[in-house]
1. With the crude spin-label approximation of a point 7 Å out along Cα→Cβ, what separation in nm comes out for B:Glu189 versus B:Arg271?
2. So, R0 is 60 Å and r is the distance between the beta-carbons of B:Ser27 and A:Ser114; what FRET efficiency does that work out to, to 0.05?
3. Distance from the Cα centre of region B:1-68 to that of region B:239-297, in angstrom?
4. Apply the Karplus curve 6.51 cos²θ - 1.76 cosθ + 1.60, θ = phi - 60°, to the phi angles in region B:116-133 and return the couplings in whole Hz, x for Gly and Pro.
5. Provide a whole-number value for the mean count of partner chain Cβ atoms within 10 Å of the Cβ atoms in peptide B:200-213.
6. Placing unit charges on C-beta atoms (Lys and Arg positive, Asp and Glu negative, everything else neutral), compute the dipole magnitude of chain B about its Cα centre in debye, rounded to 20.
7. What does the average come to when, for each residue of peptide B:3-15, you count the partner chain Cβ atoms lying within 10 Å of its Cβ?
8. Order B:248-259, B:150-161, B:54-65 from most to least packed using the mean count of other Cβ atoms within 10 Å.
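Values quoted throughout were computed directly from the atomic coordinates according to the rules given, and no laboratory measurement underlies them. Computed from a predicted structure; not experimentally measured. Cβ coordinates were reconstructed from backbone atoms using ideal geometry, including for glycine residues, and neighbour counts include every protein chain displayed.
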Amino acid sequence: MNTSFRKSVLVGIAGLSLAGTAAGCAPAQTPAAQGATPAPNATSAQGATPAAAAAYKDGTYSADGNYVSPNGTETVGVELTVAGGAVSDVKITPHPSNPNTKKFQGEFAGGIKSQIVGKKLDEISVSKVAGSSLTSGGFNAAVTKIKSQAQ
Amino acid sequence: MPHPGWTEFSFEGIGTRWEVSTPSPLSGAHRRRLLDAVEAYDAAWSRFRPDSLVAGAARTPGRYELPPEAAVLGPLYQSLYRLSGGAMTPLIGTSLERLGYGAGYRLRPEGPPLPAPRWEEVLDWQGTVLTTAEPVGIDIGAAGKGQLADLLSAVLNSCGIGEHLIDASGDLLNSGPGPGLDTGRAPVEVALEHPYDPGRAIGIIPLGAGALCASAANRRAWGDGLHHVLDGTTGAPVRTVVASWALAASAAVADALATALFFVDGARLRREFDFSWLTVYSDGHAEYSTDLEGALF
């Protein structure tokens, strides 16, 4: 079941202008010093694909997780179903021991969805994804290396 | 492609991939202007190159003259530092390095989490002038990607390219049709990446003019509970929030607020910032401002 957000008018772009503070359209003052190549701060491992769920075998996995939050220790039960190399279902069982979580839920009635499930990207029609899956090649390559060392 | 027939200019910059979409292909000169702006930003703010201004501040205390955009970053970080009780801080660089997220991508902790130094004790940030009392690890990663999107948008506007969409690997800035240019362009339908599965979306938001930025603990994560959103008061990764999205007029503000949502309730932030928000918690539930447009599933 979908939760529809209420209609609104998004804020306009005129609110905060940075125009003129950086490079304008005029040629840069020191073009010779600024190559057309991208910033070299990531190591040159472009094309490293983000880690995918495909590395995992089909099945259902579950685990309890404990962690210390600013509100104290929290526990959640997580159950993942993997089918065809993709996560097909996520069940998360909150252990309602945290009074603050309940309090927030009370305060934001109408602005809360109790469980996020999601849909496969190819089931929906969008032209952009807002998230952070495509981070730097250098970073992803380093993670891949560590994973291979861990095996 | 945000609209049929648009073209894209893609490049790597400040450690991530960028796609700039425009109705017509950008000329070589315009592309060069964009890349110059990226290089200038990187040269000032990158923690990952030894010749940057912030790398200098990490070695030697003193007075640093920063580029103009610092005058936007300083007050933004100052507000969020206050609202988060010091948890969100530009002084988090050393804490990130301690956990392995520094130049060279060692990605192995060097020891227990290291809290960030207190702003008021080591840093005086007035407009574009930074004065430091000791070597400090400045990391403006919470707002930098968004701010560079704003700067690139300003470059495009100054080149007469008023219609554009900038995608900084999941942080988006949509110029919209622009003043006096009501082309009837539909908003861009944007999926919200599932925090545990990049092949899924947890919702869709139509993006008109403005910025939609995300912060997530699932990426830039290097195992065993280590990811890049650290609490400055402890130096350890935040655990209760796993993903957040913020919509605001500027991408710098949206980007910074997306990270702030890891530390501060959205309703509290709304008292000081004009923005819409969505936060997904580690127990799987989501909270959002009631003015959000779109669907969540």
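1. Once both label points are built, they end up 3.9 nm from each other.
2. For R0 = 60 Å, the calculated efficiency reads 0.75.
3. Rounded to whole Å, the Cα centres lie 26 Å apart.
4. Computed from phi, the couplings for region B:116-133 are 6, x, 6, 3, 5, 8, 10, 9, 10, 10, 10, x, 9, 10, 10, 10, 10, 8 Hz.
5. Counting Cβ atoms of other protein chains within 10 Å of each residue's Cβ and averaging gives 6.
6. Approximately 460 debye in magnitude.
7. Partner Cβ neighbours, averaged per residue: 3.
8. B:248-259, B:150-161, B:54-65
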